[in-house]
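Okay, so here's the structure we're looking at.
The values are calculated or read from the model by the stated rules, or taken from the named source; none is laboratory data. Small disclaimer: the values here were computed from a predicted structure and weren't measured. Cβ placement follows ideal geometry from the backbone for every residue including glycine, while neighbour counts extend to all protein chains displayed. Only protein heavy atoms, including side chains, enter the accessible area calculation; ligands, DNA and RNA are left aside. Shrake-Rupley method; radii C 1.70, N 1.55, O 1.52, S 1.80 Å.
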Amino acid sequence: QVQLVESGGGLVQAGGSLRLSCAASGSIIGVSTMGWYRQAPGKARELVATITTGGSTNYAGSVKGRFTISGDNAKNTVYLQMDSLKPEDTAVYYCRAQRFGSGYWGQGTQVTVSS
């Protein structure tokens with residue numbers, strides 16, 4: 001089992017920035033990829049960004065150039081730096097870890113961007 005705890009969400013004005021953190025614990029050996037997903041009210045959960053243990057990153061087109069995913073292996077923590085936030089970025093943001101054939105989710109953190 002992998003436990004994930006997100007933090008850093010909140011309310012910000014459009015154009016502002018937030019930094020989300022996801023701390024992993026438990027059976028983290030074997031985790032190959034970690035990522036951030038988001039779910040807005042009435043919409044399906046969607047991928048925001050992923051990072052592999054080797055440092056390769058992938059971004060959704062809607063956030064490319066504005067969001068940056070990074071990891072600190074020593075702290076078992078993944079970050080999502082979100083800049084130039086837009087009202088359409090408002091959602092619950094979830095951290096996910098892929099370990100062998102299983103995916104693990106955090107409880108989510110709310111991000112609200114006001115216009």
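With viscosity set to 1.306 mPa s at 10 °C, what whole-number translational diffusion coefficient in µm²/s follows for the chain from Stokes-Einstein and a Kirkwood radius over Cα pairs? Display every interim value, and only then the final one.
Working: Rh = 14.0 Å.
Value of D from the Cα-based Kirkwood radius: 113 µm²/s.
Once you charge only the Cβ atoms, +1 for Lys and Arg and -1 for Asp and Glu, what is the size of the charge dipole of the range 70-115 about its Cα centre, to the nearest 20 debye?
220
Determine the per residue accessible area of the chain with all protein chains present and a 1.4 angstrom probe, expressed in square angstrom.
On the way: 5870 Å² over 115 residues.
The answer is 51 Å² per residue.
With a 1.4 Å probe and every protein chain kept in, tell me what percent of the accessible surface of the chain is carbon plus sulfur.
Whole-percent figure for carbon plus sulfur exposure: 49.
Hey, if you put +1 on the Cβ of every Lys and Arg and -1 on every Asp and Glu Cβ in the chain, which of Gly15, Phe100, Ile29 ends up farthest toward the positive end of that dipole?
Checked the options; the winner is Phe100.
Under a point spin-label approximation (7 Å from Cα along Cα-to-Cβ), what is the Ala60-Val5 distance to one decimal in nm?
Label at Ala60, label at Val5, 2.6 nm between them.
Quote the charge dipole size of the chain about the Cα centre in Debye, to the nearest 20; the model charges only the Cβ of Lys and Arg (+1) and of Asp and Glu (-1). Intermediate values should be presented prior to the final figure.
Values: 10 positive and 6 negative charges, 25 e Å.
I would put it at about 120 debye.
At 7 Å along Cα-to-Cβ for each site, give me the label-to-label distance between Arg19 and Lys75 in nm.
Here the modelled spin labels are 0.7 nm apart.
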